[in-house]
Amino acid sequence: MKDYQTEGLVRGISPEERNTIHSFYNLFATRDFTLLDQILATDWEDIPLAPGQQAGAAGFKDLVLHFTAMFPDIMITILDIVGAEGKVGVRAQLSFTHTHEFMGMQASNKKVVIALHEFHYLEKGKIVKTWHLEDWMSMLFQTGSWPVQ
């Protein structure tokens, strides 16, 4: 992955797809859902769903509203984007002050930073599927509590 730019893995990402990815993560900061229909397919799949999360674009909106209400300082910073042919990998950081229960972990009132590794599948400029992996071990070490089973 050190040479992903010279190996051409970014050549398949159009500026529109790059903007879609940035807009997806930016929703946590802006809470502006006017572009949601342009970012996500109506039947968008999130794998795995968070506990209690509904499927589809409406479920994503509810998830963002839920997390931003609990953690007003939540921020996602994109570190890297790579991809080709409608497949996009994102390495990012999720940070927030752990003031409420989160995924079964009781509030620690600590500022935490969690690594996010996500893969998005796009069709016609919209995200149709997202597969994600959060760094739960890091959350355990930072908060001292175990995530939901």
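Within segment 127-148, does at least one residue satisfy the condition of being of a type in the set (Lys, Arg) and at pLDDT 95 or above?
yes
Can Gly89 be described as under 20 Å from Glu134 (Cβ atoms), in a helix (DSSP H, G or I) and either out of contact with any Lys or Arg (no Cβ under 6 Å at 6 or more places or on another chain) or modelled with pLDDT of 85 or more (or both)?
Details: under 20 Å from Glu134 (Cβ atoms): yes; in a helix (DSSP H, G or I): no; either out of contact with any Lys or Arg (no Cβ under 6 Å at 6 or more places or on another chain) or modelled with pLDDT of 85 or more (or both): yes.
Spelling it out, it is not the case that Gly89 is under 20 Å from Glu134 (Cβ atoms), in a helix (DSSP H, G or I) and either out of contact with any Lys or Arg (no Cβ under 6 Å at 6 or more places or on another chain) or modelled with pLDDT of 85 or more (or both).
When segment 97-149 is examined, which residues are found to be in contact (Cβ under 8 Å) with a residue 12 or more places away in the chain, basic (Lys, Arg) and either part of a strand (DSSP E or B) or under 20 Å from Ala58 (Cβ atoms) (or both)?
Matches in segment 97-149: Lys111, Lys126, Lys129.
Whether any residue in segment 50-68 is part of a loop (DSSP other than H, G, I, E, B) and of a type in the set (D, E, K, R) is what I want to check. Explain how you work it out, then say what you get.
So the first thing to find is which residues in segment 50-68 are part of a loop (DSSP other than H, G, I, E, B), and the list is 50-55.
Narrowing the set further to residues that are of a type in the set (D, E, K, R) leaves none.
Within segment 50-68, none of the residues are part of a loop (DSSP other than H, G, I, E, B) and of a type in the set (D, E, K, R).
Which of the residues spanning segment 1-29 are open to solvent by 70 Å² or more (accessible area, probe 1.4 Å) and at pLDDT 90 or above?
To start, the set of residues in segment 1-29 that are open to solvent by 70 Å² or more (accessible area, probe 1.4 Å) comprises 1-3, 5-7, 11, 15-16, 18-19, 22, 26.
Once the filter is applied, which keeps residues that are open to solvent by 70 Å² or more (accessible area, probe 1.4 Å) and at pLDDT 90 or above, segment 1-29 yields Asn19, His22, Asn26.
Have a look at Trp131, Trp136 and point out the one that is in contact with a Pro (Cβ under 7 Å, 6 or more places away or on another chain) and open to solvent by 60 Å² or more (accessible area, probe 1.4 Å).
Details: Trp131 fails: in contact with a Pro (Cβ under 7 Å, 6 or more places away or on another chain).
From the options Trp131, Trp136, the qualifying one is Trp136.
The conditions are (1) at pLDDT 90 or above; (2) of a type in the set (A, V, I, L, M); (3) within 25 Å of Met137 (Cβ to Cβ), and Val82 fails exactly one of them. Which is it?
So Val82 meets the others, but not (1).
Does Leu27 satisfy the criteria of being hydrophobic (A, V, I, L, M, F, W, C), out of contact with any strand residue (DSSP E or B) (no Cβ under 7 Å at 6 or more places or on another chain), closer than 20 Å to Val128 by Cα and part of a helix (DSSP H, G or I)? Don't jump to the end; show me each part of the working.
On the way: hydrophobic (A, V, I, L, M, F, W, C): yes; out of contact with any strand residue (DSSP E or B) (no Cβ under 7 Å at 6 or more places or on another chain): yes; closer than 20 Å to Val128 by Cα: yes; part of a helix (DSSP H, G or I): yes.
Yes; evaluated as a whole, the condition is true for this residue.
Going through segment 32-44 one residue at a time, which ones are modelled with pLDDT under 90 and surrounded by 12 or more Cβ atoms within 10 Å (Cβ to Cβ)?
Across segment 32-44, the qualifying residue is only Leu35.
Look through Lys87, Lys111 and report the one residue that is touching a helix residue (DSSP H, G or I) at 6+ places or on another chain (Cβ under 9 Å) and open to solvent by 80 Å² or more (accessible area, probe 1.4 Å).
Numbers: Lys87 fails: touching a helix residue (DSSP H, G or I) at 6+ places or on another chain (Cβ under 9 Å).
After ruling out the rest, the residue left standing is Lys111.
The values are calculated or read from the model by the stated rules, or taken from the named source; none is laboratory data. Bear in mind the structure is a predicted one, so any value in this text is a computation, not a measurement. Positions of Cβ are generated from backbone atoms using ideal geometry, with glycine treated the same way; all protein chains shown enter the neighbour counts. The area values use the complete protein model at the heavy-atom level, side chains included, leaving out ligands, DNA and RNA. Shrake-Rupley method; radii C 1.70, N 1.55, O 1.52, S 1.80 Å.
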